[in-house]
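Chemist: One structure, pasted below without further comment.
The values are calculated or read from the model by the stated rules, or taken from the named source; none is laboratory data. Note that this is a predicted model, so its numbers are computed, not measured. Virtual Cβ from ideal backbone geometry, glycine too; neighbours counted across all protein chains shown. Note: areas computed on protein heavy atoms with side chains; ligands, DNA, RNA excluded. Shrake-Rupley method; radii C 1.70, N 1.55, O 1.52, S 1.80 Å.
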Amino acid sequence: MQINTRSRAAIAAIMDVAVHGMNKPVALADISKRQGVSLSYLEQLFQKLRRNGFVASYRGPGGGYQLKQRLATISVADIINTVDRETFDPSTSKGTGRGQRIQDCVTNGLWCRISDHLYAYLRSVSLESLLATSMKAAESHKMAAALATTRSYARKAPLGRKDWPAAVIA
C-alpha cells in the first residue's frame, strides 16, 4: 500500500478549496498556481470529487468549486478512495496469486495488517482536524520565525540606555 501522488494532490487541492472557498467558489487555475499541479490533472481529480459529492461546481465568471460537505464529515481516507480506489484494495496488492511461497504469504499478511491500521488511522483523520493541525503548525512556524528574527536583531543591535523608553529610565 502506498499513498501516491494522485492522492496527495487531491488532499492538497481539497484543503485549498476549504481554505480559499469559504465565501466564493475557487477556480482550478488558482488551485493549480498555489499547489503547483497542472490544470488538466486537477480537472480529472475534481471530476471524481464532484461525482462522489465532496465538491460542487459552479460555472461562469466567478465560478469554480466549493465544498459540498462539512470538513468534519470528510476523512482523508474518503478522498484517497475517491481518486485512487486501489490504494486500500487488498486484491490489487502485488504477489497475492496462487502458488506463492510460504514466506511471501506470511509477509503479505503483515503488510495487509499494516495497511489496515493505516486505513483505520486515515479514516479517523477528518479534513477539519487536518486543517486545524496545519493552521497550528503554520502559526508555530510564524512564531518561531518572529522569535528568531527578534533574537538575531537583539544580538546584532543591543539596546543602550539611550534607546530605552523614557518611562523605563524615570
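Here's the yes/no breakdown for (1) touching a helix residue (DSSP H, G or I) at 6+ places or on another chain (Cβ under 7 Å); (2) modelled with pLDDT of 80 or more; (3) open to solvent by 100 Å² or more (accessible area, probe 1.4 Å):
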residue: 90; (1), (2), (3): yes, no, no
residue: 101; (1), (2), (3): no, no, yes
residue: 108; (1), (2), (3): no, no, no
residue: 152; (1), (2), (3): no, no, no
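Chemist: Scan the range 42-70 for residues that are closer than 21 Å to residue 3 by Cα and in contact with a helix residue (DSSP H, G or I) (Cβ under 7 Å, 6 or more places away or on another chain) and report the count.
Modeler: So the count comes out to 8.
Chemist: Every residue in the range 1-45 that is among the acidic types (Asp, Glu), open to solvent by 30 Å² or more (accessible area, probe 1.4 Å) and free of Cβ contacts under 8 Å to residues at least 24 places away in the same chain, please.
Modeler: In the first step, residues of the range 1-45 are kept if they are among the acidic types (Asp, Glu); the result is 16, 30, 43.
Now drop any that are not open to solvent by 30 Å² or more (accessible area, probe 1.4 Å), which leaves 30, 43.
Within the range 1-45, just 43 meets the criteria.
Chemist: Of all the residues that make up the range 47-65, how many are more than 21 Å from residue 80 (Cβ to Cβ), open to solvent by 90 Å² or more (accessible area, probe 1.4 Å) and of a type outside the set (Phe, Trp, Tyr)?
Modeler: Qualifying residue count for the region: 2.
Chemist: OK, next. Any residue that is modelled with pLDDT under 90, under 30 Å from residue 69 (Cα atoms), acidic (Asp, Glu) and surrounded by 10 or more Cβ atoms within 10 Å (Cβ to Cβ) - is there at least one of those in the range 135-148?
Modeler: Yes, the range 135-148 contains at least one residue that is modelled with pLDDT under 90, under 30 Å from residue 69 (Cα atoms), acidic (Asp, Glu) and surrounded by 10 or more Cβ atoms within 10 Å (Cβ to Cβ).
Chemist: Which residue out of 45, 71, 67 is within 20 Å of residue 19 (Cα to Cα), aliphatic (A, V, I, L, M), under 15 Å from the mean Cα position of the chain (by Cα) and modelled with pLDDT of 95 or more?
Modeler: On the way: 71 fails: modelled with pLDDT of 95 or more; 67 fails: modelled with pLDDT of 95 or more.
So the residue among 45, 71, 67 that is within 20 Å of residue 19 (Cα to Cα), aliphatic (A, V, I, L, M), under 15 Å from the mean Cα position of the chain (by Cα) and modelled with pLDDT of 95 or more is 45.
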